[in-house]
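Scroll down for the structure; my scribbles are underneath it.
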Amino acid sequence: MAPKMALRLLGTLALSGGLSLIGIGATSVTTATVRPVPRAVQTRVTAAWPIAAIAASPSGNGYLVAAQDGGIFNFGDAPFEGNTYTDGLTGLSGAHPLAAPIVGMATNSTGNGYWLVAKDGGVFNFGGAHFYGSTYTYGITGLSGAHPLAAPIVGMAPSPSGNGYWLVAADGGVFDFGNAKFYGSTYTYGITGLSGAHPLAAPIVAMVPTPNGGGYWLVAADGGVFDFGNAKFYGSTYSKGYTGLGGSHPLNGRIVGAVATPNGTGYWLVSSTGTVYNFGSAPNEGDVASKGYTGLGGSHPLPAPIVSMTADPSGNGYWLVGSDGTVYNFGSAPNEGDVPGLPTPGAAKPQPTNTTQVPKANAVPTSTSGQSPPPAGSLLNPSANIAPSPNYYASCSADVTAGQLANSVACEQAAVSALNNARASQGLPVMTLPGNFYQLPAIDQLFVLVNEARVSRGLTPVYGLVNSLNALAAQGSSANADPPISQATFSTGPWAMGLWANWAEDFSTAGSMYDWMYNDGWGGAGNTSNLACTSPTSSGCWGHRANILISDVAGYTPVMGAASINESSLGGWAGFESDATVLTEVSNSQLNSESYSYTWAQAVAAGANPRT
């Protein structure tokens with residue numbers, strides 16, 4: 001019986017078949033009624049990306065919200081002028097991904113355009129916002145390469161006329177473009193960045209220009225404020241008696257954003273816990289505590305940390321946005337909606353032309369250390385579904401009829417053979433599995449197979465199975481449904497990038513992998529496994545495969561969770577198992593902060609080839 005698959009993606013632009021590429025929208029397909037005969041294999045897929053920034057429209061009657069994958073959400077009178085997807089990029093994964101996540105945005109003075117900036121210093125312009133350069137213009141090679149940034153870019157600010165902008169890095173470095181003038185950086189004060197003889201006490205997180213563009217403030221995560229040009233110092237959190245991120249009276253959360261009053265005689269800072277600190281003439285219009293929230297803990301916690309703020313141009317209000325897309329309004333700032341309620345952006349508008357120039361050095365390196373380049377085209381989707389050879393559907397069904405459960409050794413071996421034959425069609429070698437592969441727990445088998453798919457194509461292997469992500473995957477597996485991930489999931493761990501989740505009801509772990517990798521496209525009316533793949537050109541096709549082959553991002557490493565439960569324990573047919581995976585990426589510095597049930601190092605020690 002042909003497999004059946006349902007595809008779902010959380011992400012702004014909901015497309016046919018339940019696949020959403022940019023923001024948040026979802027569909028689901030319920031499983032078939034349990035029958036004591038072989039059923040159609042079913043799978044689901046989910047992905048999500050955190051919000052990075054918010055920016056007000058010039059009128060104050062709307063705002064734009066940007067996600068790390070380059071998706072744009074428009075509210076009120078803020079127009080949608082395009083996003084990185086309209087530039088032909090595919091978010092943080094897929095065939096043409098961003099080299100680094102989006103970390104900031106700015107609107108031009110007329111409100112008919114905006115810029116996005118990525119962590120590597122790449123700049124993307126939309127609508128009436130013109131391109132004036134990026135850190136690559138200075139000969140810098142992003143986050144790696146021959147001349148990398150000393151620290152990642154964390155934000156941007158526009159010049160008052162909109163004919164230029166500044167970028168700021170975590171070490172306090174400032175880059176000026178167009179008519180935006182350079183007035184100094186933290187290095188001007190004798191500070192030596194994030195290390196050295198006189199380092200910053202905490203990284204810079206935001207930059208705020210003065211109204212006439214004659215200066216700017218840089219704000220650090222500990223609440224420190226640095227003024228340049230005609231920007232006047234009105235205080236910092238230290239002025240209020242706080243002792244930064246440590247000491248006797250620490251902040252209750254890192255500072256994540258800042259914005260100035262319209263006349264430049266004051267400013268606000270906001271922390272990840274939603275506390276707002278006002279200085280100079282900036283009025284106190286409240287914070288999340290005034291709405292009854294108790295920060296990120298307590299009896300009424302925020303659903304996700306605050307990541308950015310923007311002010312009402314009247315100076316009497318402001319908005320905060322959480323990583324989950326929830327927007328909180330204060331004072332005169334109107335509530336125009338949250339990201340989850342956004343209708344499809346720009347549906348009736350033509351896609352604008354973008355003049356962004358991204359040098360070839362901006363591309364993400366895909367070769368693993370010591371490995372030859374992967375075969376040409378191995379990262380591309382197959383032109384059509386590849387029929388399994390041998391036909392493990394038939395052999396696995398026969399095994400179950402003979403009294404064996406799903407994922408029997410013989411069934412798994414047949415599916416592994418089918419995987420190897422399908423790999424050969426893309427020029428890939430036979431998998432070199434650990435010597436104890438068929439004795440491993442099913443979740444470890446899923447993990448090994450995911451990495452075999454990645455490393456043979458030159459992608460960084462998944463570091464290990466994270467216990468907390470295993471538990472998340474198990475929630476989906478035990479419910480025969482998608483693992484319940486959303487943008488709020490980013491507050492549960494150091495998940496810095498996206499979340500990509502697959503679910504399958506299949507004969508074995510290798511069977512699930514086969515259908516995700518090679519049976520995810522259009523198979524004809526009535527014979528298409530992927531229920532979200534509604535036509536040969538449907539955007540729902542090959543979504544599971546994309547969630548396994550997520551692209552590398554410099555400074556980050558993939559980690560994963562997995563679960564596998566026999567359907568008989570869920571009231572179903574013993575010949576199927578319910579498999580689920582959740583992939584994400586964490587900063588290399590945070591890899592050791594997690595608890596792992598199994599790692600790639602263990603698999604390699606048991607015989608897996610780290611290069612094939």
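The values are calculated or read from the model by the stated rules, or taken from the named source; none is laboratory data. The structure displayed is predicted, hence computed values, not measured ones. Every residue, glycine as well, gets a Cβ built from its backbone with ideal geometry; the counts of neighbours run over all protein chains shown. To get the accessible areas, we keep the full protein, side chains included, count just its heavy atoms, and leave off ligands, DNA and RNA. Shrake-Rupley method; radii C 1.70, N 1.55, O 1.52, S 1.80 Å.
Note on the stretch 391-504: enclosed helices (runs of 4 or more DSSP H) holding 1 or more residues that are surrounded by 18 or more Cβ atoms within 10 Å (Cβ to Cβ), touching a Pro at 6+ places or on another chain (Cβ under 8 Å) and of a type in the set (Gly, Ala, Ser) are 409-424, 467-478. The set of residues in the stretch 155-182 being of a type in the set (Asp, Glu) and in a strand (DSSP E or B) consists of 176 alone.
Results for (1) open to solvent by 40 Å² or more (accessible area, probe 1.4 Å); (2) outside any loop (DSSP other than H, G, I, E, B), shown as yes or no for each residue.
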position	(1), (2)
184	no, no
187	yes, yes
194	yes, no
222	no, no
242	yes, no
245	yes, no
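Per the listing 43, 33, the residue uniquely of a type in the set (Ser, Thr, Tyr), modelled with pLDDT under 50 and within 30 Å of residue 570 (Cβ to Cβ) is 33. Restricting the stretch 573-590 to residues that are open to solvent by 20 Å² or more (accessible area, probe 1.4 Å) and either out of contact with any Pro (no Cβ under 8 Å at 6 or more places or on another chain) or among the basic types (Lys, Arg) (or both) leaves a set whose member that is modelled with the highest pLDDT is 588. Taken as a whole, the condition of being at pLDDT 95 or above, of a type outside the set (A, V, I, L, M) and assigned to a strand (DSSP E or B) does not apply to residue 264.
Quick check: is even one residue across the stretch 258-267 touching a Lys or Arg at 6+ places or on another chain (Cβ under 9 Å) and over 24 Å from residue 150 (Cα atoms)? Yes, that holds for at least one residue. Of the residues making up the stretch 432-475, those that are of a type in the set (A, V, I, L, M), within 14 Å of residue 602 (Cβ to Cβ) and more than 21 Å from the chain's Cα centre (by Cα) are 433, 440, 443, 448. One residue stands out in the stretch 141-155 among those that are farther than 17 Å from residue 204 by Cα and either hydroxyl-bearing (Ser, Thr, Tyr) or at pLDDT 95 or above (or both): the one that is surrounded by the most Cβ atoms within 10 Å (Cβ to Cβ), namely 141. Among the residues of the stretch 369-386, those identified as more than 26 Å from the chain's Cα centre (by Cα), at pLDDT 80 or above and either of a type in the set (Val, Ile, Thr) or open to solvent by 80 Å² or more (accessible area, probe 1.4 Å) (or both) are 383, 386.
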